[in-house]
Amino acid sequence: ARCQCKLAPRERRNCGYPGISAVECRKAGCCFNASVPGVPWCFAPRPKRVRKVCPSDSYIRINCGFPGITAKDCERRGCCFRAHPAGVPWCFYHRIVEE
């Protein structure tokens, strides 16, 4: 994403080879900006920021437990627990979302 390439020049970590073109650099999954001399023009993007959330839509839940699992046992597995609605998993995996 474009925002991952907004780094101060001193934060850039080289991601290419001398003379790499913008096209080749981006093809390799790197950022390219030739506006600042003396720093890498092809550089590694900032890592994506992600977080784990319990999905609010009960119909996209992916089962993480077994029938009758307690909230405590579910959370010990690192999963989400919501004892409603009927007919969907109550113990289910987190979703990973980008910030």
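The values are calculated or read from the model by the stated rules, or taken from the named source; none is laboratory data. Everything numeric in this text was worked out from a predicted model, so none of it was measured. A quick note on method: Cβ atoms are made from the backbone with ideal geometry, for glycine too, and the neighbour counts reach across all protein chains shown. When the accessible area is computed, the model is the full protein with side chains, heavy atoms only, and any ligands, DNA or RNA have been set aside. Shrake-Rupley method; radii C 1.70, N 1.55, O 1.52, S 1.80 Å.
Per this entry, ASP57 is counted among residues that are open to solvent by 70 Å² or more (accessible area, probe 1.4 Å) and either aromatic (Phe, Trp, Tyr) or out of contact with any Asp or Glu (no Cβ under 9 Å at 6 or more places or on another chain) (or both). The set of residues in segment 60-93 being closer than 30 Å to ARG46 by Cα and open to solvent by less than 60 Å² (accessible area, probe 1.4 Å) consists of GLY78, CYS79, CYS80.
Considering only residues that are open to solvent by 50 Å² or more (accessible area, probe 1.4 Å) and under 19 Å from the mean Cα position of the chain (by Cα), look in segment 30-53 and name the one that is farthest from HIS94 (Cα to Cα). Once the filter is applied, the top-ranked residue is ARG46. Restrict the check to segment 74-87 and report whether at least one residue is in contact with a Lys or Arg (Cβ under 8 Å, 6 or more places away or on another chain) and farther than 30 Å from GLN4 by Cβ. Among the residues of segment 74-87, not one is in contact with a Lys or Arg (Cβ under 8 Å, 6 or more places away or on another chain) and farther than 30 Å from GLN4 by Cβ, which makes the answer no.
Checked against (1) of a type in the set (S, T, N, Q); (2) within 24 Å of the chain's Cα centre (by Cα); (3) over 30 Å from HIS94 (Cα atoms), SER58 passes all but condition (3).
Look through GLY68, GLY38 and report the one residue that is on the phi > 0 side of the Ramachandran plot and either in the same structural domain as HIS94 (by the TED database) or among the aliphatic types (A, V, I, L, M) (or both).
On the way: GLY38 fails: either in the same structural domain as HIS94 (by the TED database) or among the aliphatic types (A, V, I, L, M) (or both).
The match here is GLY68.
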